[in-house]
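The next block holds one structure in the form of structure tokens; read it before the comments.
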């Protein structure tokens, strides 16, 4: 009984493509979710409402202004942090990292190191 059911199922699976082939052009690739016929669409990697800064050594980060300039959201490849404005200038910090913005240029100091130097906004380049 079980063997007979298996044969009937196998015969049904073989018949389905044959029946579909009679309905017209059979292009299986267009029904696959990852078919090669669909053009690849490149999505923007820039976070919404942010400015990209490209730095020396191929490094980059993104800055999103918050609360009318009272703070910024710093988006690094490995983490995201909020930096509050220091005084009346364009320096932002969370007590460890310091971001200095000067027009289209920026410098990010993280602790004692300065990992991001020579940064310019991508729109200025």
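At 7 Å along Cα-to-Cβ for each site, give me the label-to-label distance between residue 9 and residue 80 in nm.
So the label points at residue 9 and residue 80 sit 4.7 nm apart.
Treat the count of other C-beta atoms within 10 Å as a stand-in for reagent exposure and order 123, 50 from fewest to most.
So the residues, fewest neighbours to most, are 123, 50.
Values in this text are rule-based calculations from the coordinates and carry no lab data. For clarity, every value in this text was computed on a predicted model and none was experimentally measured. Note that each Cβ is placed from the backbone with ideal geometry, even for glycine, and that neighbours are counted across all protein chains shown.
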